[in-house]
Amino acid sequence: MIHNTTQGALDDISYLARSHHRVPMLVALATRPQSGANLRELSDVSASTVRRTLREFEARNWVHRNGFRYEATELGVFVASAVETLVEQIETERKLRDLWHWLPGEESDFGVDTCVDAVVTVAESDNPYRPVNRFVSLLRETDQFRFVGVNISLIEPCKDEFREWILDGMRAEIIDPPNVAQHILETYPDHCSGPLESGNLSVRIHDALPPYGVCLFDHRVGVCGYNHDSGTVRVLIDSETVEAREWAEVVYESYRRESRPLRRETVPE
(Lines give C-alpha, C1' and ligand atoms only; values in the text may rest on other atoms or scores of the structure.)
Protein backbone atom coordinates (compact mmCIF):
# COMPACT_ATOMS: atom_id res chain seq x y z
CA MET A 1 0.00 0.00 0.00
CA ILE A 2 1.37 3.44 -0.97
CA HIS A 3 1.37 6.04 1.79
CA ASN A 4 -0.22 9.42 1.06
CA THR A 5 3.14 11.19 1.30
CA THR A 6 4.66 8.80 -1.21
CA GLN A 7 1.68 9.20 -3.52
CA GLY A 8 2.08 12.97 -3.34
CA ALA A 9 5.73 12.72 -4.33
CA LEU A 10 4.83 10.40 -7.22
CA ASP A 11 2.17 12.89 -8.33
CA ASP A 12 4.76 15.67 -8.50
CA ILE A 13 7.18 13.43 -10.41
CA SER A 14 4.36 12.50 -12.78
CA TYR A 15 3.47 16.18 -13.24
CA LEU A 16 7.06 17.03 -14.21
CA ALA A 17 7.37 14.05 -16.56
CA ARG A 18 4.06 14.46 -18.38
CA SER A 19 5.31 17.35 -20.54
CA HIS A 20 8.78 17.51 -22.06
CA HIS A 21 9.29 21.21 -21.23
CA ARG A 22 8.74 21.17 -17.47
CA VAL A 23 12.00 19.61 -16.27
CA PRO A 24 14.21 21.78 -18.56
CA MET A 25 12.31 24.89 -17.40
CA LEU A 26 12.74 24.10 -13.72
CA VAL A 27 16.43 23.25 -14.20
CA ALA A 28 16.97 26.51 -16.11
CA LEU A 29 15.28 28.50 -13.35
CA ALA A 30 17.42 26.73 -10.75
CA THR A 31 20.52 27.77 -12.69
CA ARG A 32 19.71 31.49 -12.89
CA PRO A 33 16.71 33.86 -13.11
CA GLN A 34 14.89 33.65 -16.44
CA SER A 35 12.46 35.87 -18.31
CA GLY A 36 9.35 34.48 -19.96
CA ALA A 37 10.93 35.07 -23.39
CA ASN A 38 14.03 33.08 -22.43
CA LEU A 39 11.88 30.23 -21.17
CA ARG A 40 9.83 30.20 -24.39
CA GLU A 41 13.00 29.95 -26.45
CA LEU A 42 14.46 27.28 -24.19
CA SER A 43 11.39 25.06 -24.06
CA ASP A 44 9.99 25.69 -27.56
CA VAL A 45 6.42 26.05 -26.30
CA SER A 46 3.87 28.85 -26.50
CA ALA A 47 3.80 31.88 -24.23
CA SER A 48 0.54 30.65 -22.70
CA THR A 49 2.14 27.29 -21.83
CA VAL A 50 5.08 29.06 -20.19
CA ARG A 51 2.73 31.25 -18.13
CA ARG A 52 0.64 28.25 -17.07
CA THR A 53 3.73 26.25 -16.11
CA LEU A 54 5.12 29.15 -14.06
CA ARG A 55 1.81 29.45 -12.20
CA GLU A 56 1.92 25.73 -11.41
CA PHE A 57 5.54 26.05 -10.25
CA GLU A 58 4.57 29.01 -8.04
CA ALA A 59 1.69 27.04 -6.55
CA ARG A 60 4.21 24.42 -5.46
CA ASN A 61 6.56 27.11 -4.11
CA TRP A 62 9.27 26.05 -6.55
CA VAL A 63 9.67 29.50 -8.14
CA HIS A 64 8.79 33.12 -7.42
CA ARG A 65 8.64 36.24 -9.52
CA ASN A 66 11.26 38.94 -9.14
CA GLY A 67 10.40 41.91 -11.37
CA PHE A 68 10.24 40.72 -14.98
CA ARG A 69 12.03 37.50 -14.21
CA TYR A 70 11.36 34.29 -12.37
CA GLU A 71 13.83 32.42 -10.19
CA ALA A 72 13.80 29.14 -8.32
CA THR A 73 13.27 29.03 -4.60
CA GLU A 74 15.48 26.87 -2.41
CA LEU A 75 12.82 24.18 -2.69
CA GLY A 76 12.79 24.52 -6.46
CA VAL A 77 16.57 24.15 -6.63
CA PHE A 78 16.31 21.03 -4.48
CA VAL A 79 13.64 19.48 -6.72
CA ALA A 80 15.53 20.42 -9.92
CA SER A 81 18.71 18.77 -8.64
CA ALA A 82 16.84 15.63 -7.61
CA VAL A 83 15.01 15.25 -10.91
CA GLU A 84 18.22 15.87 -12.90
CA THR A 85 19.89 13.06 -10.99
CA LEU A 86 16.90 10.77 -11.59
CA VAL A 87 16.93 11.51 -15.33
CA GLU A 88 20.68 10.81 -15.54
CA GLN A 89 20.24 7.53 -13.68
CA ILE A 90 17.38 6.39 -15.92
CA GLU A 91 19.35 7.39 -19.02
CA THR A 92 22.26 5.25 -17.79
CA GLU A 93 19.94 2.30 -17.13
CA ARG A 94 18.34 2.60 -20.57
CA LYS A 95 21.75 2.43 -22.23
CA LEU A 96 22.68 -0.67 -20.25
CA ARG A 97 19.50 -2.69 -19.90
CA ASP A 98 20.10 -4.81 -23.02
CA LEU A 99 23.85 -5.10 -22.39
CA TRP A 100 24.10 -5.80 -18.69
CA HIS A 101 24.37 -9.59 -19.07
CA TRP A 102 27.63 -9.12 -21.01
CA LEU A 103 29.25 -7.03 -18.27
CA PRO A 104 30.76 -7.81 -14.85
CA GLY A 105 28.17 -8.87 -12.31
CA GLU A 106 27.57 -7.90 -8.70
CA GLU A 107 30.12 -10.47 -7.56
CA SER A 108 32.85 -8.24 -9.06
CA ASP A 109 31.53 -5.10 -7.30
CA PHE A 110 30.76 -3.60 -10.71
CA GLY A 111 27.63 -1.55 -10.15
CA VAL A 112 25.49 0.66 -12.32
CA ASP A 113 27.01 3.65 -10.50
CA THR A 114 30.32 2.76 -12.13
CA CYS A 115 28.73 3.53 -15.50
CA VAL A 116 27.34 6.98 -14.68
CA ASP A 117 28.97 9.59 -16.96
CA ALA A 118 30.55 6.78 -18.97
CA VAL A 119 30.71 6.57 -22.76
CA VAL A 120 28.74 3.49 -23.83
CA THR A 121 29.64 2.23 -27.32
CA VAL A 122 27.48 -0.59 -28.64
CA ALA A 123 28.01 -2.75 -31.72
CA GLU A 124 25.25 -2.16 -34.27
CA SER A 125 24.17 -4.44 -37.09
CA ASP A 126 25.33 -1.86 -39.65
CA ASN A 127 28.48 -0.99 -37.68
CA PRO A 128 29.70 -4.01 -35.69
CA TYR A 129 33.13 -2.48 -35.08
CA ARG A 130 31.93 0.58 -33.16
CA PRO A 131 33.35 -0.69 -29.80
CA VAL A 132 36.65 -1.63 -31.47
CA ASN A 133 36.89 1.78 -33.15
CA ARG A 134 36.25 3.49 -29.82
CA PHE A 135 38.94 1.31 -28.23
CA VAL A 136 41.44 2.25 -30.95
CA SER A 137 40.76 5.97 -30.42
CA LEU A 138 41.48 5.58 -26.69
CA LEU A 139 44.57 3.47 -27.34
CA ARG A 140 45.90 6.11 -29.72
CA GLU A 141 45.85 8.71 -26.90
CA THR A 142 47.63 6.71 -24.20
CA ASP A 143 51.27 6.13 -23.31
CA GLN A 144 50.67 3.23 -20.94
CA PHE A 145 48.13 0.49 -21.47
CA ARG A 146 47.09 -2.54 -19.45
CA PHE A 147 44.54 -5.18 -20.39
CA VAL A 148 43.13 -8.33 -18.82
CA GLY A 149 40.62 -10.57 -20.57
CA VAL A 150 39.84 -13.90 -22.17
CA ASN A 151 39.26 -12.67 -25.71
CA ILE A 152 41.46 -11.12 -28.41
CA SER A 153 38.62 -9.66 -30.51
CA LEU A 154 39.21 -6.17 -29.11
CA ILE A 155 42.92 -5.98 -29.96
CA GLU A 156 43.16 -8.28 -32.99
CA PRO A 157 41.51 -5.86 -35.49
CA CYS A 158 44.08 -3.16 -34.64
CA LYS A 159 47.12 -5.45 -34.32
CA ASP A 160 49.13 -3.52 -36.92
CA GLU A 161 48.63 -0.14 -35.21
CA PHE A 162 49.18 -1.69 -31.79
CA ARG A 163 52.52 -3.14 -32.89
CA GLU A 164 53.69 0.23 -34.23
CA TRP A 165 52.61 2.08 -31.11
CA ILE A 166 54.52 -0.39 -28.94
CA LEU A 167 57.64 0.00 -31.08
CA ASP A 168 57.24 3.80 -30.89
CA GLY A 169 57.36 3.72 -27.10
CA MET A 170 53.96 2.84 -25.72
CA ARG A 171 54.34 0.57 -22.71
CA ALA A 172 51.78 -2.20 -22.43
CA GLU A 173 51.02 -5.18 -20.25
CA ILE A 174 48.48 -7.81 -21.24
CA ILE A 175 47.15 -10.70 -19.17
CA ASP A 176 45.79 -13.52 -21.36
CA PRO A 177 44.74 -17.14 -20.88
CA PRO A 178 47.51 -19.53 -21.98
CA ASN A 179 45.59 -20.72 -25.05
CA VAL A 180 44.97 -17.15 -26.24
CA ALA A 181 48.62 -16.18 -25.75
CA GLN A 182 49.73 -19.27 -27.65
CA HIS A 183 47.26 -18.57 -30.46
CA ILE A 184 48.61 -15.04 -30.86
CA LEU A 185 52.23 -16.21 -30.84
CA GLU A 186 51.57 -18.87 -33.46
CA THR A 187 49.25 -16.79 -35.67
CA TYR A 188 51.10 -13.47 -35.61
CA PRO A 189 54.78 -14.24 -34.96
CA ASP A 190 56.00 -11.12 -36.79
CA HIS A 191 53.70 -8.91 -34.74
CA CYS A 192 54.88 -10.43 -31.47
CA SER A 193 58.65 -10.65 -31.77
CA GLY A 194 59.45 -6.96 -32.21
CA PRO A 195 57.23 -5.60 -29.41
CA LEU A 196 58.38 -8.30 -26.96
CA GLU A 197 62.04 -7.75 -27.79
CA SER A 198 61.61 -3.98 -27.37
CA GLY A 199 60.85 -4.41 -23.68
CA ASN A 200 57.77 -2.20 -24.02
CA LEU A 201 55.33 -5.12 -24.12
CA SER A 202 54.88 -7.54 -21.25
CA VAL A 203 52.57 -10.54 -21.59
CA ARG A 204 51.41 -12.53 -18.58
CA ILE A 205 49.17 -15.58 -18.48
CA HIS A 206 46.40 -16.61 -16.11
CA ASP A 207 44.33 -19.79 -16.11
CA ALA A 208 40.99 -18.38 -14.90
CA LEU A 209 40.26 -14.91 -16.26
CA PRO A 210 36.88 -13.14 -16.14
CA PRO A 211 34.45 -13.41 -19.09
CA TYR A 212 34.83 -9.69 -19.79
CA GLY A 213 37.79 -7.42 -20.52
CA VAL A 214 39.25 -4.55 -18.49
CA CYS A 215 41.35 -1.86 -20.19
CA LEU A 216 43.39 0.75 -18.35
CA PHE A 217 44.53 3.79 -20.32
CA ASP A 218 46.33 6.91 -19.08
CA HIS A 219 43.17 8.84 -18.25
CA ARG A 220 40.27 6.46 -18.76
CA VAL A 221 39.35 2.86 -18.03
CA GLY A 222 37.20 0.60 -20.14
CA VAL A 223 35.14 -2.55 -19.71
CA CYS A 224 34.23 -4.63 -22.74
CA GLY A 225 31.50 -7.23 -22.95
CA TYR A 226 31.62 -10.16 -25.38
CA ASN A 227 29.06 -12.31 -27.08
CA HIS A 228 30.64 -15.61 -26.12
CA ASP A 229 28.84 -17.56 -28.85
CA SER A 230 30.36 -15.46 -31.63
CA GLY A 231 33.42 -14.13 -29.76
CA THR A 232 32.62 -10.57 -30.86
CA VAL A 233 32.81 -7.42 -28.78
CA ARG A 234 29.28 -6.19 -28.15
CA VAL A 235 29.89 -3.19 -25.91
CA LEU A 236 32.71 -1.02 -24.59
CA ILE A 237 32.07 1.23 -21.61
CA ASP A 238 34.78 3.77 -20.80
CA SER A 239 34.94 6.29 -18.00
CA GLU A 240 37.32 8.73 -16.34
CA THR A 241 35.67 8.77 -12.90
CA VAL A 242 37.65 7.99 -9.76
CA GLU A 243 35.22 5.21 -8.89
CA ALA A 244 35.70 3.47 -12.25
CA ARG A 245 39.49 3.81 -12.02
CA GLU A 246 39.58 2.37 -8.50
CA TRP A 247 37.41 -0.58 -9.53
CA ALA A 248 39.54 -1.32 -12.60
CA GLU A 249 42.82 -1.09 -10.66
CA VAL A 250 41.56 -3.52 -8.02
CA VAL A 251 40.34 -6.03 -10.62
CA TYR A 252 43.50 -5.80 -12.68
CA GLU A 253 45.86 -6.18 -9.75
CA SER A 254 43.89 -9.12 -8.34
CA TYR A 255 44.46 -11.07 -11.58
CA ARG A 256 48.00 -9.84 -12.03
CA ARG A 257 49.03 -11.18 -8.61
CA GLU A 258 47.86 -14.64 -9.66
CA SER A 259 49.37 -14.48 -13.17
CA ARG A 260 52.79 -15.55 -14.35
CA PRO A 261 55.09 -14.14 -17.04
CA LEU A 262 54.89 -15.55 -20.53
CA ARG A 263 58.03 -17.61 -21.09
CA ARG A 264 60.17 -15.86 -23.71
CA GLU A 265 61.33 -19.20 -25.12
CA THR A 266 57.79 -19.79 -26.42
CA VAL A 267 58.07 -16.76 -28.70
CA PRO A 268 58.63 -17.86 -32.31
CA GLU A 269 61.81 -16.76 -33.96
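The values are calculated or read from the model by the stated rules, or taken from the named source; none is laboratory data. Just so it is clear, the structure is predicted and the values come from calculations on it, not from any experiment. Here Cβ is always computed from backbone atoms with ideal geometry, including for glycine, and neighbour counts include all displayed protein chains. For the accessible areas, the whole protein counts, side chains as well, though only heavy atoms, and no ligand, DNA or RNA atoms are used. Shrake-Rupley method; radii C 1.70, N 1.55, O 1.52, S 1.80 Å.
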Inset, instruction - Just check the stretch 18-72 against the gyration tensor rule for me: Cα atoms, a ≥ b ≥ c as the square roots of the eigenvalues, rounded for a/c under 1.5, and otherwise prolate or oblate depending on whether a/b exceeds b/c. - result: rounded
Inset, instruction - Kindly list the residues of the stretch 144-186 that lie in the label zone of Arg260, defined by a backbone N under 12 Å from the point 7 Å along the Cα-to-C-beta vector. - result: 178
Legend entry - Kirkwood-type radius of the stretch 187-250, with distances r between different C-alpha atoms, in Å: 14.1
Inset, instruction - Could you grab the relative contact order for the chain? Cα pairs under 8 Å, six or more apart, rounded to a whole percent. - result: 17
Inset, instruction - Using Cα pairs closer than 8 Å and at least 6 residues apart in sequence, work out the relative contact order for the stretch 202-269, in percent. - result: 36
Inset, instruction - Kindly give Rg over Rh for the stretch 112-174, based on alpha-carbon atoms, with the Kirkwood expression for the hydrodynamic radius. - result: 0.99
Inset, instruction - Pull up the DSSP beta bridges for the chain and report the antiparallel fraction as a percent, rounded to 5. - result: 75
Legend entry - Among Glu74, Glu91, Glu173: highest mean-square fluctuation, GNM of the chain, C-alpha pairs under 10 Å: Glu74
Inset, instruction - Could you work out how far apart the two model spin labels at Glu186 and Ala9 are, taking each label as a point 7 Å from the Cα in the direction of the beta carbon, and quote it in nm? - result: 6.0
Inset, instruction - Return one whole number: the accessible area per residue of the stretch 126-269 in Å², for a 1.4 Å probe. - result: 49
Legend entry - Extended-chain gain in nm, criterion 0.36 nm per residue less alpha-carbon gap, Arg69 and Asp44: 7.2 nm
Legend entry - Relative contact order (%) - the stretch 119-269, alpha-carbon pairs under 8 angstrom, separation at least six: 29
Inset, instruction - Pick out the long, greasy-scoring helices in the chain: whole DSSP H runs spanning 24 Å or more along their own axis by Cα, mean Kyte-Doolittle at least 0.0. - result: 74-96
Inset, instruction - Name the most mobile residue of Gly213, Gly225, Gly76, meaning the one with the largest mean-square fluctuation, in a Gaussian network model of the chain with Cα contacts below 10 Å. - result: Gly76
Legend entry - At 1.567 mPa s and 4 °C, Stokes D of the stretch 139-193 from Kirkwood alpha-carbon radius, µm² per second: 111
Legend entry - Length released on extending from Ile90 to Asp160, taking residue separation times 0.36 nm less the Cα-Cα span: 21.3 nm
Inset, instruction - Among Arg220, Arg171, Arg32, determine the one that fluctuates most according to a GNM of the chain built with springs between C-alpha atoms less than 10 Å apart. - result: Arg32
Inset, instruction - Only Lys, Arg, Asp and Glu count, each charged at its Cβ (+1, +1, -1, -1), so figure out the dipole size of the chain about its Cα centre, rounded to 20 debye. - result: 1140
